Amino acid sequence: MTGVIVVGGGQAGFSVASTLRASGYDGPVTVLAAEPHPPYQRPPLSKKAHTGPVRVELVPESFYRDRDIDLRLGDEVTALDLTARTVLTRTGTRVPYDHLVLATGARNRPLPVPGAELPGVHALRSLDDALTIGRALTTARDVVVVGGGFIGLELARVALAGGARVTVVELAGQLLSRAVSAELEPSLRQRHERAGVRILTATAVRALEGEGRVERVVTEQGVLPADLVVYGIGAVPRDELARQAGLAVHDGVLVDEQLRSVTDPRVSAVGDCARHPHPRADGPVRLESVQNAVDQGALVARRITGSAAPYENLPWFWSDQGDVKLQIAGLRSPSDAVHLVPGDAPERLAAYAFRDALLVAVETLNWPAEHLAARRMLERRTPVSAADLAGTTLGALARAARTAEVRR
Ligand SMILES: Cc1cc2nc3c(=O)[nH]c(=O)nc-3n(C[C@H](O)[C@H](O)[C@H](O)COP(=O)(O)OP(=O)(O)OC[C@H]3O[C@@H](n4cnc5c(N)ncnc54)[C@H](O)[C@@H]3O)c2cc1C
């Protein structure tokens, strides 16, 4: 038995390896990881890891020893041979597999403007990036964040808390344009502006300039002083190994409902690098979230050990941006009707998205209880219409349903 090879030691790769052992798989499990660090969580990197020492490892190193998981750090896979069923690593090692799982994640989209390579310009993806940005933040006075996405807004609030003047420059007409509804966004934006972040939307960055290091950002709306620029303008899947090996790829490795490559059933792909069919989406989707990475890794491991369930888990996500906790449950599409509902305290707000008059997604600001109620209802596929929610909330509906149950 040659066992399972997992390419990538991130959140999804860890989930595959740990769930294989938890499900009783007793063949060899090898994780080939390009980074020098054992699997760690990325969410704290943009929220706090760079402001001081924070433990981000998912588990202590003894976890791998105790479960006989062969974790090989700092050895990137450079080629797949699907016919011989082997992978080749940078150090020249060839490793055979029965089943191969691609968990290679995503990389930051490069900033396509002159000056992007100047010292003082950074993007955040890895622990090493976070440590570099953390050092830069200790002295930065004028921070420009290019891109008003999750990572950009989280970093903006960290820089602000550290005492810097912070400007976020976003090309689209709103913040978080791919992830958050146009209805919820003004409230989110207002909260960041009230805290002191300057936000320029519908603004293109033309160039980054400076003598020997970045000193200013040239935008359509004028020139911004900057001694630190951090950009987060989206990520692209690391699917090049799959493409070079002849697997079907289209902005992510194309997989079926059980997360097997549509080209080769001995290969699976999970997490940020995979594009999968989902019953809640119109076409195949590629999701970048911890929930998706963990759940997909676990599903593939359970499939290898004999369970044949399709991947249907409810997508959910969170982002902590200073005093703003944004949470999303479900998948919204741009044509869904969105209703804003104020919470029972001024800082709370929810946006309910309806498709064909039924609830499909919920975005909340500073309202974790409503997010949890939304997750429960959407997971159970409880049909909730706009009429059901008139003048009430999901939390209140859930409480009423529980009371009715107890009385019965
Ligand atoms: C700064 C930051 C903050 C985030 N915050 C949140 C959040 O608040 N909430 C949330 O839900 N999600 C968040 N995310 C997203 C979440 O972390 C990712 O969706 C998740 O990590 C995806 O897991 P993955 O295993 O697919 O990819 P990754 O965790 O990126 O791991 C992939 C690994 O594969 C390795 N690799 C790639 N190619 C090879 C190769 N050829 N050989 C060997 N190894 C290879 C990479 O080096 C990497 O270590 C955040 C992401 C970042 C970067």
* **Cβ pairs under 8 Å, 6+ apart, first in segment 14-27 and at positive phi, second among the β-branched types (Val, Ile, Thr) and outside any helix (DSSP H, G or I)** => GLY24/THR305
* **segment 90-104: number of residues that are closer than 17 Å to THR263 by Cβ, more than 8 Å from the ligand (Cβ to nearest atom) and β-branched (Val, Ile, Thr)** => 1
* Asked: Would segment 80-87 turn up any residue that is closer than 24 Å to ASP272 by Cα, loosely packed, with under 14 Cβ neighbours inside 10 Å and either of a type outside the set (Lys, Arg) or touching a His at 6+ places or on another chain (Cβ under 7 Å) (or both)?
  -> yes
* To do: Look through segment 260-299, keep the residues that are more than 25 Å from GLN327 (Cβ to Cβ) and within 13 Å of the ligand (Cβ to nearest atom), and return whichever of them is surrounded by the fewest Cβ atoms within 10 Å (Cβ to Cβ).
  => SER268
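Residues are listed down the side, and each one gets a yes or a no for (1) open to solvent by 30 Å² or more (accessible area, probe 1.4 Å); (2) modelled with pLDDT under 95; (3) not assigned by TED's automatic domain parsing to the domain that holds LEU155; (4) not aliphatic (A, V, I, L, M):
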| site | (1), (2), (3), (4) |
| --- | --- |
| GLU312 | yes, no, yes, yes |
| ALA337 | yes, no, yes, no |
| PHE354 | no, no, yes, yes |
| THR364 | no, no, yes, yes |
| ARG375 | yes, no, yes, yes |
| LEU378 | no, no, yes, no |
| THR403 | yes, yes, yes, yes |
* **Matching strands (runs of 3 or more DSSP E) fully within segment 66-147 where at least 2 residues are free of Cβ contacts under 8 Å to residues at least 60 places away in the same chain** => 69-73, 86-89
* To do: Just need a number here: residues in segment 124-159 that are open to solvent by 20 Å² or more (accessible area, probe 1.4 Å), farther than 15 Å from HIS192 by Cα and hydrophobic (A, V, I, L, M, F, W, C).
  => 4
* Check on GLU347, within 17 Å of the chain's Cα centre (by Cα) and of a type outside the set (S, T, N, Q) -> no
* To do: Spot the failing condition for LEU314; the list is (1) under 23 Å from GLN190 (Cβ atoms); (2) in contact (Cβ under 8 Å) with a residue 12 or more places away in the chain; (3) under 21 Å from the mean Cα position of the chain (by Cα); (4) in a loop (DSSP other than H, G, I, E, B), and only one is missed.
  => (1)
* **Top-ranked residue in segment 1-18 [being more than 13 Å from the ligand (Cβ to nearest atom) and outside any strand (DSSP E or B); ranked as farthest from the chain's Cα centre (by Cα)]** => MET1
* Kindly check whether there is at least one residue in segment 19-28 that is open to solvent by 50 Å² or more (accessible area, probe 1.4 Å), within 15 Å of the ligand (Cβ to nearest atom) and out of contact with any helix residue (DSSP H, G or I) (no Cβ under 7 Å at 6 or more places or on another chain). => no
* In segment 60-89, which residues are within 8 Å of the ligand (Cβ to nearest atom) and either among the aromatic types (Phe, Trp, Tyr) or modelled with pLDDT of 95 or more (or both)? -> GLU76, VAL77, THR78, THR89
* For segment 180-199, name all the residues that are aliphatic (A, V, I, L, M) and surrounded by fewer than 17 Cβ atoms within 10 Å (Cβ to Cβ). => ALA182, ALA195
* Being in a loop (DSSP other than H, G, I, E, B) and at pLDDT below 95 is the filter here, so list the residues in segment 46-59 that pass it. => LYS48, GLY52, PRO53, VAL54, ARG55, VAL56
* Structure fact -> Matching residues in segment 156-178 (among the β-branched types (Val, Ile, Thr) and closer than 14 Å to THR201 by Cβ) number 3
* Look through PRO383, PRO368 and report the one residue that is surrounded by fewer than 22 Cβ atoms within 10 Å (Cβ to Cβ), of a type outside the set (Gly, Ala, Ser), under 30 Å from GLY196 (Cα atoms) and not assigned by TED's automatic domain parsing to the domain that holds SER177. => PRO368
* Asked: Can you tell which of THR132, THR138 is hydroxyl-bearing (Ser, Thr, Tyr), within 16 Å of the ligand (Cβ to nearest atom) and modelled with pLDDT under 95?
  -> THR132
* Odd one out for GLU211 among (1) in the same structural domain as LEU45 (by TED's automatic domain parsing); (2) closer than 22 Å to ARG135 by Cα -> (1)
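The values are calculated or read from the model by the stated rules, or taken from the named source; none is laboratory data. Note that this is a predicted model, so its numbers are computed, not measured. Here the Cβ is made from the backbone with ideal geometry for all residues, glycine too, and neighbour counts use every protein chain on show. Accessible surface is based on the protein model in full, side chains and every heavy atom, while ligands, DNA and RNA are left aside. Shrake-Rupley method; radii C 1.70, N 1.55, O 1.52, S 1.80 Å.
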